[in-house]
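*Asks:* A single structure is presented below for examination.
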Amino acid sequence: MLIRPVDESGDVLPVLRVSDMLKGSRATAELIHDRLRLLTGEWWENPGRGNGVLEMLKESRLTEADGQLIAGYLSSYIRETPGVHDIRESKVSADGRRLRFSFIAETTDGSVDISYESE
């Protein structure tokens, strides 16, 4: 898998050579981040596609029990990412409507540490 690199704000960087593309576990990590950032309703071509965690957070203030439910949802969602075999060592913390989720993704090309924070 080859994926174009992005900067801190998520803008795609120019690629002059194939060797500048992300590959292996770095490409899978970027794909995971892309999927986590794409929220349900944001893609005009398929509004039902995307991460539904924001919709879950609209319902009420987040408790630790809700955090575990959302962590389970996100783990299942991430397992659908091409190249991801499993999720381990997932940790979730809730603060009001903000959710922090970190985990290790086992990919075809090795393990990668991922962290996600809802905005």
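The values are calculated or read from the model by the stated rules, or taken from the named source; none is laboratory data. Keep in mind the model is a prediction, meaning the values are calculated, not measured. All Cβ positions, even for glycine, are placed from backbone atoms using ideal geometry, and neighbour counts span all protein chains on display. Surface areas here come from the heavy atoms of the whole protein model, side chains and all, with no ligands, DNA or RNA. Shrake-Rupley method; radii C 1.70, N 1.55, O 1.52, S 1.80 Å.
*Asks:* Which of the residues spanning the stretch 83-104 are modelled with pLDDT of 90 or more and under 21 Å from residue 40 (Cβ atoms)?
*Replies:* If the condition is that a residue be modelled with pLDDT of 90 or more and under 21 Å from residue 40 (Cβ atoms), then 84, 87, 103 are the ones that fit.
*Asks:* Ok, one more. Please work out if residue 31 is touching a strand residue (DSSP E or B) at 6+ places or on another chain (Cβ under 8 Å), modelled with pLDDT of 85 or more and not hydroxyl-bearing (Ser, Thr, Tyr).
*Replies:* Spelling it out, residue 31 is indeed touching a strand residue (DSSP E or B) at 6+ places or on another chain (Cβ under 8 Å), modelled with pLDDT of 85 or more and not hydroxyl-bearing (Ser, Thr, Tyr).
*Asks:* Need pairs with beta-carbon distance below 9 Å; first residue touching a residue at least 60 places away in the same chain (Cβ under 8 Å) and within the stretch 72-88, second part of a strand (DSSP E or B) and crowded, with 17+ Cβ neighbours inside 10 Å; sequence gap 6+ or separate chains.
*Replies:* Close Cβ pairs (under 9 Å, with a partner that is part of a strand (DSSP E or B) and crowded, with 17+ Cβ neighbours inside 10 Å) amount to 83/105; 83/107.
*Asks:* Got a number for residues in the stretch 1-35 being assigned to a loop (DSSP other than H, G, I, E, B) and open to solvent by 70 Å² or more (accessible area, probe 1.4 Å)?
*Replies:* Adding up the residues that qualify gives 8.
*Asks:* Assuming residue 80 fulfils every condition listed in (1) open to solvent by 90 Å² or more (accessible area, probe 1.4 Å); (2) modelled with pLDDT under 90 apart from one, which condition is it?
*Replies:* If we test residue 80 against (1) open to solvent by 90 Å² or more (accessible area, probe 1.4 Å); (2) modelled with pLDDT under 90, just (2) comes out false.
*Asks:* May I pose another question? Being in contact (Cβ under 8 Å) with a residue 12 or more places away in the chain, under 14 Å from residue 118 (Cα atoms) and either open to solvent by 60 Å² or more (accessible area, probe 1.4 Å) or in contact with an Asp or Glu (Cβ under 6 Å, 6 or more places away or on another chain) (or both): is that true of residue 55 here?
*Replies:* yes
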